[in-house]
Amino acid sequence: MVSDSAVIRRVLWRGAVVVAAMAAAVVARAAEKSPIPAYTGDRLYVAEVPGDFSGVRRAIEELERTSPQTYFVVVVRSAGGDAASAGRYVADLERAWREQAKAKGLKLDAARSIITLVAVDDHRVEVAAGSELRDRPGMDRAARVSLIERHFVPLAREQRYPDAIGALLAAMNNAIAANDPATARVPTGDAQLPAVAATAPPAPSAESRPATRAVAAAPAPAATPRETTGQAVMALVASLVAVGLIMAGLIWLGRRRTRNTVESKIKDYKKKAVDVMDRLDALKARLKQLPIEDPDFKEPMGGETLAFYEETQKHLTGLWDRWLEVMDVLDKAQELAKKDSALGTQKLKEAEQLVSDSKAFETIDEEAKACAASMDVLNRSHEDARADADAVAAIRKEIDGRVGEVDKEGLPTLPYRPEVEGIAGEAEKAGKILVPDPIGARRSLGAARQRAASLRDRIQRILDGFADGRKVAESLKSLGQEVGRHRKDGLRLDEDGGDPDHPIARTFEALEGLRRAVHDGDPEAAQAQLRAAHESLDEARRTLDSVLKARESCEKDLPERARETRRLREAMGQYAAFQDELKREFSPGSWQAVSGNLAQASKLLETFDAKADEAAAAATPAAQKYLLGSRLLGQLADEQRAVFRLMSGVADQLNALKAVRAESQDAARALDDLEHGTDGFFRQNDRAIGSVARGTFASAQESRKQAVGLMRDGRPDWPAARQVLARALDEFAAARNQAEADVRAYERLADELDRVRREASRVGAFLAGHEEDRLAANQHHRNAEAALRAAEAGGSNGEWVRCLELVRGAAQDLAYSERLAQEDIRLARQAEREIGEAGRMIRKSRGYFSMGVTMGTAGAEGQVGQAQQLYQSQDYEQAIRVAAAAIQQVRQAYADAAQQAYLRELAMQGARAGRVGVPAVGPQIFRAGDVPAAPGPPRAAMATESPAPDPDAGSAGASWSTGSAGAGW
């Protein structure tokens with residue numbers, strides 16, 4: 001009973017521990033890991049933790065002023081929840097900061113930096129020292145843990161986290177200063193660097209530890225059944241209470257986290273609302289003081305400026321209404337946070353949802369910027385209006401100058417006077433209201449400026465058009481004088497298309513229209529008349545130039561056309577000789593394309609004299625039809641070039657046919673050589689060459705005969721002969737290639753046939769030497785023999801490729817036949833082994849006898865006989881399966897007999913125990929074929945348990961994370 005009660009207590013306590021561990025794991029998982037803050041070069045990073053940590057920043061500045069160390073403090077809500085999460089968080093932080101510092105070009109001294117991580121919800125603090133600091137006396141891992149426990153933990157338990165961080169930083173600085181002359185000690189105990197008068201709990205002495213272990217190992221006194229039941233109930237109650245407390249802790253932790261988050265968001269929302277209020281107050285004060293403080297508003301606002309001011313004031317009032325809506329949301333969220341129940345978080349979530357929307361602040365910010373921009377417009381309105389007035393005055397000055405230029409040119413200024421007076425009136429009106437209404441004055445000045453710019457450009461266009469018209473008039477005068485001189489010299493200029501008087505008259509009309517438009521001050525009409533004057537003047541110039549050029553061309557080209565006509569007549573005889581040679585030596589069909597060239601050229605040549613005379617008559621001083629004469633001479637030149645092309649075509653055809661004849665004769669000689677070589681190759685390899693190559697060779701010989709026949713004609717058709725010769729050359733080359741392919745295939749077939757024939761003899765001998773091979777292996781061998789015989793007999797028509805494939809198929813059949821035969825032999829050997837094993841086991845089982853139990857093997861013997869018959873009929877696979885079944889049947893019978901013997905042995909032992917009173921032994925294990933073994937003595941139970949190993953305190957390395965030390969509170 002003692003051992004049973006101990007077991008019950010151990011089970012119950014272990015169950016409670018497991019439940020507590022599971023709950024702790026749930027709590028750890030419930031703690032969400034805070035994100036790693038981005039590295040910006042700052043010393044203090046606070047994420048998701050409420051409170052004022054500005055004192056920590058001042059403490060770091062004080063420490064870094066008197067030491068070469070760099071102190072970084074990171075305060076987060078949670079590093080992950082479990083005891084090792086803080087170390088992992090520091091390692092991840094170190095890697096992330098290194099990459100970010102490198103990417104941003106920021107300084108990060110990993111040698112003399114100290115990173116302090118505080119995870120508030122996890123109650124964990126971790127300190128990572130740089131590579132130059134962590135191995136120094138006073139800053140090793142054990143020393144840092146001691147500093148945390150003595151200086152940080154007491155204040156952290158009171159939730160004075162800023163004071164705890166300051167005390168820890170001062171303590172680490174002074175620990176470094178004890179061994180580093182470059183670091184000065186700092187006084188502690190003030191508000192910036194507080195001190196803690198607390199010591200770590202004493203470690204257990206060396207003498208107390210063995211005593212404790214000895215007490216733990218001593219055996220407990222025996223407990224009564226009643227005590228055992230009471231302890232079990234207490235353990236169960238303790239487990240239930242622990243589970244309840246853990247669940248309550250989980251609920252409290254979740255509610256606390258939600259409340260902290262909501263309070264932080266409400267605080268941030270309230271801060272934004274206060275900032276908005278301050279900004280709106282500043283805008284309201286600025287708008288109120290603007291008419292007073294702006295020195296340009298010497299008179300009360302009026303007109304458009306007053307309307308703009310009132311609109312801005314109305315917009316600002318609307319912003320205050322929006323701010324009041326924001327404050328209503330804030331009040332509602334605070335009321336919901338106060339009404340939250342002890343166990344629920346619904347009200348907190350509603351409050352969080354209210355203060356999580358930042359769209360209202362964004363809208364107010366945008367509209368506030370618009371109000372500020374409107375006030376800027378009011379502040380700049382007088383300066384902008386004065387600038388517009390100056391611009392209008394400058395343009396009016398330019399207009400006065402250009403009107404003066406119009407008057408100097410003798411043109412009327414009356415068309416511009418109404419516009420000038422209107423611009424002056426608008427400018428004067430704007431000047432009167434500029435002080436009280438600068439915005440309205442700017443609008444008037446803008447319209448006046450636009451009118452003034454338009455008038456200035458209009459006057460300039462009139463002046464430019466008038467000056468351009470003067471140039472046209474001068475050019476027209478010069479052209480008229482030139483026409484007069486030519487007519488005085490005898491050139492009448494009266495033929496069709498050669499009279500410049502009509503375009504000159506149109507030019508005068510356009511200049512008159514230009515004059516009227518300029519006097520009316522109409523720049524568009526002036527530009528249209530100016531373009532017409534330019535076009536008419538250019539036409540008159542082109543007409544005169546074309547007549548002069550035609551007269552010069554007639555004087556120059558008439559003798560040249562006469563000389564070209566004589567040259568063509570003299571060359572006609574030579575080209576007639578070329579045509580005679582074509583008729584004499586070449587087939588008519590080969591030069592039919594140029595057969596009518598000389599006749600056509602002769603007809604054209606006969607008309608050249610008349611056309612030349614006609615052109616000469618038109619170009620005489622009496623006729624003065626120079627344009628007509630020039631056109632006739634141009635047509636004559638084109639026809640002379642056509643006659644020359646016709647005559648040259650005959651010569652070109654003669655040269656081309658001579659080249660074809662020479663090429664064909666060379667091809668005929670090459671064809672003879674190729675035919676001789678191909679014929680010799682065919683005779684040499686007569687057995688190997690097939691019918692396809694022989695047919696191609698015969699066709700090539702026929703083409704050669706046809707080409708020879710064409711070449712021996714009285715007037716050969718050399719282009720046709722060349723075509724037939726080319727075909728014969730291609731056919732001889734193809735016949736040679738086909739013959740060579742047949743020879744190569746024949747040689748490969750001979751080699752393959754010899755090799756496969758030898759392989760067939762070897763496989764046949766292998767099959768003949770074994771009786772185990774079956775029908776499939778022999779059938780594949782017979783197929784291979786048949787394929788070889790077909791290949792040997794099928795080469796009469798040169799079908800070497802088909803025969804080669806037959807030989808390769810035979811080789812595959814032989815290889816497969818051999819593999820099948822070897823597999824048959826292997827299966828036969830396996831069947832023999834299985835049948836032999838079955839027979840051996842049957843013989844062994846016949847002699848089995850134990851506790852009066854024997855075995856029957858008749859069924860197994862029948863299966864062995866069946867397996868032998870299957871083996872004799874070469875059904876090796878089925879013989880193996882039947883023999884294996886016989887072996888399994890023998891083994892099953894053996895197992896059944898052993899079980900029966902075992903049961904009889906148990907019955908006999910029970911009977912002896914009832915008679916003698918000896919204790920019963922435990923169950924014995926029997927194996928088939930083995931003798932039952934005697935039961936052995938019971939083994940002693942091990943009551944001691946080895947203590948759990950201590951958790952690893954951390955490992956040393958070359959980075960912050962591996963050198964960190966931490967503790968909890």
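The values are calculated or read from the model by the stated rules, or taken from the named source; none is laboratory data. For clarity, every value in this text was computed on a predicted model and none was experimentally measured. With ideal geometry, Cβ positions are generated from the backbone for all residues, glycine too; neighbour counts draw on all protein chains shown.
Hey, does region 837-852 have a residue that's of a type in the set (S, T, N, Q), assigned to a helix (DSSP H, G or I), out of contact with any strand residue (DSSP E or B) (no Cβ under 6 Å at 6 or more places or on another chain) and within 30 Å of residue 761 (Cβ to Cβ)? If you could, list the steps in order and put the result at the bottom.
In the first step, residues of region 837-852 are kept if they are of a type in the set (S, T, N, Q); the result is 845, 850.
Right, trim to assigned to a helix (DSSP H, G or I) and you get 845.
Still in the list and also out of contact with any strand residue (DSSP E or B) (no Cβ under 6 Å at 6 or more places or on another chain): 845.
Now restrict to residues that are within 30 Å of residue 761 (Cβ to Cβ): none.
So far as region 837-852 goes, no, none of its residues is of a type in the set (S, T, N, Q), assigned to a helix (DSSP H, G or I), out of contact with any strand residue (DSSP E or B) (no Cβ under 6 Å at 6 or more places or on another chain) and within 30 Å of residue 761 (Cβ to Cβ).
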- Task: Go through region 551-574 and give me each residue that's among the basic types (Lys, Arg) and either closer than 17 Å to residue 614 by Cα or surrounded by 17 or more Cβ atoms within 10 Å (Cβ to Cβ) (or both).
- Result: 551, 556, 561, 563
- Note on the structure: Subset of region 657-682, residues loosely packed, with under 15 Cβ neighbours inside 10 Å and of a type in the set (A, V, I, L, M), comes to 659, 662, 670
- Task: Could you tell me whether any residue of region 665-682 is over 25 Å from residue 717 (Cα atoms), small (Gly, Ala, Ser) and assigned to a helix (DSSP H, G or I)?
- Result: yes
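Looking at region 817-830, is at least one residue of a type outside the set (Lys, Arg) and closer than 30 Å to residue 747 by Cα? Steps first, please.
Initial filter on region 817-830 (of a type outside the set (Lys, Arg)): 817-818, 820-825, 827-828, 830.
Filter once more, keeping what is closer than 30 Å to residue 747 by Cα: 817-818.
Yes: region 817-830 contains one or more residues that are of a type outside the set (Lys, Arg) and closer than 30 Å to residue 747 by Cα.
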- Task: Output the qualifying pairs, or none if there are none: Cβ atoms under 7 angstrom, residues six or more apart or on different chains, first residue in region 502-527 and closer than 22 Å to residue 463 by Cβ, second residue assigned to a loop (DSSP other than H, G, I, E, B) and not aliphatic (A, V, I, L, M).
- Result: 519/412
- Query: Quick one: which of 651, 668 is more than 60 Å from the chain's Cα centre (by Cα) and modelled with pLDDT of 90 or more?
  - Reply: 651
- Query: With respect to residue 160, is the statement that it is on the phi < 0 side of the Ramachandran plot, buried (at least 24 other Cβ atoms within 10 Å of the Cβ) and among the charged types (D, E, K, R) true?
  - Reply: no
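Go through region 95-134 residue by residue and tally those that are among the acidic types (Asp, Glu), modelled with pLDDT of 85 or more and touching a strand residue (DSSP E or B) at 6+ places or on another chain (Cβ under 7 Å).
Going through region 95-134 one residue at a time, the tally reaches 1.
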- Task: Could you please find all residues in region 744-756 being more than 60 Å from the chain's Cα centre (by Cα) and either loosely packed, with under 14 Cβ neighbours inside 10 Å or at pLDDT 90 or above (or both)?
- Result: 754
- Has region 758-772 got any residue that is surrounded by 15 or more Cβ atoms within 10 Å (Cβ to Cβ) and outside any helix (DSSP H, G or I)? yes
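Quick check on residue 694: is it modelled with pLDDT under 90 and either in a helix (DSSP H, G or I) or under 23 Å from residue 723 (Cβ atoms) (or both)? Before the answer, list the steps.
Values: modelled with pLDDT under 90: yes; either in a helix (DSSP H, G or I) or under 23 Å from residue 723 (Cβ atoms) (or both): yes.
Yes.
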- What are the residues in region 457-501 that are of a type in the set (D, E, K, R), touching a residue at least 60 places away in the same chain (Cβ under 8 Å) and surrounded by fewer than 18 Cβ atoms within 10 Å (Cβ to Cβ), if any? 461, 468, 482, 492, 494, 495, 496
- Query: In region 483-500, what count of residues is obtained for those that are in a helix (DSSP H, G or I) and touching an Asp or Glu at 6+ places or on another chain (Cβ under 9 Å)?
  - Reply: 1
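Just need a number here: residues in region 619-655 that are outside any loop (DSSP other than H, G, I, E, B), among the small types (Gly, Ala, Ser) and crowded, with 21+ Cβ neighbours inside 10 Å. Break it down into steps so the answer makes sense when it comes.
Of the residues in region 619-655, the ones outside any loop (DSSP other than H, G, I, E, B) are 626-655.
Pick out the ones that are also among the small types (Gly, Ala, Ser) and you get 629-630, 634, 637, 642, 648-649, 651.
Subset that is crowded, with 21+ Cβ neighbours inside 10 Å: 629-630.
Total satisfying the criteria: 2.
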- Item | Qualifying residues in region 280-332 (those that are of a type in the set (S, T, N, Q) and under 52 Å from the mean Cα position of the chain (by Cα)) - the one farthest from residue 380 (Cα to Cα) | 317
- Message: So for region 583-606 (the condition being crowded, with 19+ Cβ neighbours inside 10 Å, among the small types (Gly, Ala, Ser) and closer than 15 Å to residue 648 by Cβ), does at least one residue qualify?
- Response: yes
- Message: Let me spell it out: the conditions are (1) in a helix (DSSP H, G or I); (2) among the acidic types (Asp, Glu); (3) under 23 Å from residue 157 (Cβ atoms), and residue 126 meets all of them except one. Which number is the exception?
- Response: (1)
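Only one of 38, 59 is surrounded by fewer than 18 Cβ atoms within 10 Å (Cβ to Cβ), modelled with pLDDT of 85 or more and under 27 Å from residue 173 (Cα atoms). Can you tell me which?
Numbers: 59 fails: surrounded by fewer than 18 Cβ atoms within 10 Å (Cβ to Cβ).
Testing whether each residue is surrounded by fewer than 18 Cβ atoms within 10 Å (Cβ to Cβ), modelled with pLDDT of 85 or more and under 27 Å from residue 173 (Cα atoms) leaves just 38.
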